[in-house]
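The values are calculated or read from the model by the stated rules, or taken from the named source; none is laboratory data. Because the structure is a prediction, the values reported are computed rather than measured. Here the Cβ positions follow ideal geometry from the backbone for every residue, glycine too, while neighbour counts run over all protein chains shown. The area values use the complete protein model at the heavy-atom level, side chains included, leaving out ligands, DNA and RNA. Shrake-Rupley method; radii C 1.70, N 1.55, O 1.52, S 1.80 Å.
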Amino acid sequence: MGFFRTLRAGLAVLLSVGVALMPVHALVNINDGKDQIFINTSASAGYDSNLFANSAGGGDYVYSLNLGAEYTRHAGLIGMDASVAVDASRYGKYKSEDFQNPTFRTEFTKQSGRTTGALVLSAARQSRADTAANLRDESWIYNASVNLKYPVIERYSLSGTAGYSQRNYVDSTTLVDLTSYTAGLDLFYVYTTDRDLLAGYHFQEDDTSAKTKTYDHSFTAGVSGRIFWRLHGALRAGYSIHGPSASSDRSYGSWTANGSAGWNPTKRLTVTGQLTKAVSTTSTDISVDTLATSLDAQYAINSKTAFDLGTGLSSSRFLGLLGAGRHDINWNWNFTFNRTLNSHLKVSLSYIFAENWSTLSFSDFIQRSITLSLSSRF
């Protein structure tokens, strides 16, 4: 009952904050606005018809409360953005799935001078429905990445990236922990004032707690800025070679792609599309080749009211002997209504439908969820 009292108190705080506070850009402004502190809060209640992403189902009501703080400093040569948050959820029937998840993130940026770039460090605890393993799991995720960009001559520039990530599962003997190392180098060419051409090579190595290892070599080319006509964004495609996770598996080669593009047919309507094609390692130590695409449309009725309608389709092929020929196709659509009550308080109502078809009968499932939330930022 303590959580429900906290949830009701959080809702009351949100309402009182939204009504009482005067419009400001940040809770605290220091050094002429160069240092700012923001507070984010949200509370939600909803129902999920399938918590575990499998054919057995298992629906429940869920109540959530999120509290977070952000600090930004944009002064001098190095800028800084840091955030910390705690997300707590309680379930009506499946009490064992209750969680309190903290999140930490820090980003240092250099946006002036000849060499620019960013260093990002983050850590988070995550609770999720794992569609590959068809169960709920909890894990700690740690990430570190750095990217740098250096102009070689007037029209050419080099961009380099390096990253490290680790996912460690909590209290699980059936799922494998995953550690990934990434590196990449891209060459950019300023083709026009609003379009860059690019080509590059990216490498990734995945190591698991089951003592298996995979690697990926990707060679891609693409465009950023105005892709064509009125579509703006970034799109790259090429060929990827995926190394074996076991000595009995062969190397796997396939086309790869990653991109997103936006279009504004009117001042009130924004349409965004995304496309990805890549191989990844699942929590069950299986390599999966996934092609996913999504389309989202947001329409603003006025400055305070907006609707969001989106849909997505993905195809996942599980590779190698462990994959056993499994093939999943997932289709989903979602609808969200957003209403800004004042400069600090927003209410949202969202509905999500998803259906997964699989050659593995246990992985066939339908999921419906509806959530009402209140959020505030000050």
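Computed with every protein chain present, the accessible area of I370 is close to 80 Å² [probe 1.4 Å]. The residues of the chain present an accessible area of 54 Å² per residue when probed at 1.4 Å with all protein chains retained. At an R0 of 25 angstrom, the distance between the Cβ atoms of L269 and A45 translates into a FRET efficiency of 0.25.
Our summary gives region 23-93 a relative contact order of 28 percent, counting only alpha carbon pairs under 8 angstrom and 6 or more residues apart. Please give me the summed charge of the neighbours of N334: other residues whose Cβ is under 10 Å from its Cβ, Lys and Arg +1, Asp and Glu -1. For residues surrounding N334, the net value is -2. Volume of the convex hull of the chain (Cα atoms only), normalised per residue: 156 Å³. The stretch between A124 and F203, if pulled fully straight at 0.36 nm per residue, gains 26.0 nm over its current Cα-Cα span.
DSSP loop (so not H, G, I, E, B), at most 12 other Cβ within 10 Å: list which chymotrypsin sites (Phe, Trp or Tyr not before Pro) in region 198-273 pass both filters. Within region 198-273, the qualifying chymotrypsin sites (Phe, Trp or Tyr not before Pro) (loop, at most 12 other Cβ atoms within 10 Å) are W229. Legend: distances between Cα atoms for K211/K277; K34/K346; K304/K346; pairs beyond 18 Å are K211/K277; K34/K346. Estimated purely from DSSP H runs of n ≥ 4, each contributing -39500 (n - 2.57), the mean residue ellipticity at 222 nm for the chain is -2000 deg cm²/dmol once divided by its residues. Here the Gaussian network model covers the chain, with springs between Cα atoms less than 10 Å apart; of S280, S254, S316, S254 fluctuates the most.
Largest accessible area first, the listed residues T208, T161 line up as T161, T208 when surface is computed with a 1.4 Å probe on the assembled protein chains. Residue order by solvent-accessible surface for H242, H217 is H217, H242, largest first, with ligands and nucleic acids left out and a 1.4 Å probe.
Mark the label point 7 Å from the Cα of T106 along Cα→Cβ and return the residues of region 163-185 whose backbone N is within less than 19 Å of it. Only 163-166 fall inside the zone, counting backbone N under 19 Å.
Computed from phi, the 3J(HN,Hα) profile of region 345-352 under the Karplus parametrisation 6.51, -1.76, 1.60 (θ = phi - 60°) reads 10, 9, 10, 9, 10, 10, 9, 10 Hz, with x in place of Gly and Pro. Protein heavy-atom surface of the chain, 1.4 angstrom probe: 61% of the accessible area is carbon and sulfur, with nucleic acids and ligands not counted.
Using heavy atoms of the protein chains and a probe of 1.4 Å, the accessible area assigned to T293 is about 70 Å².
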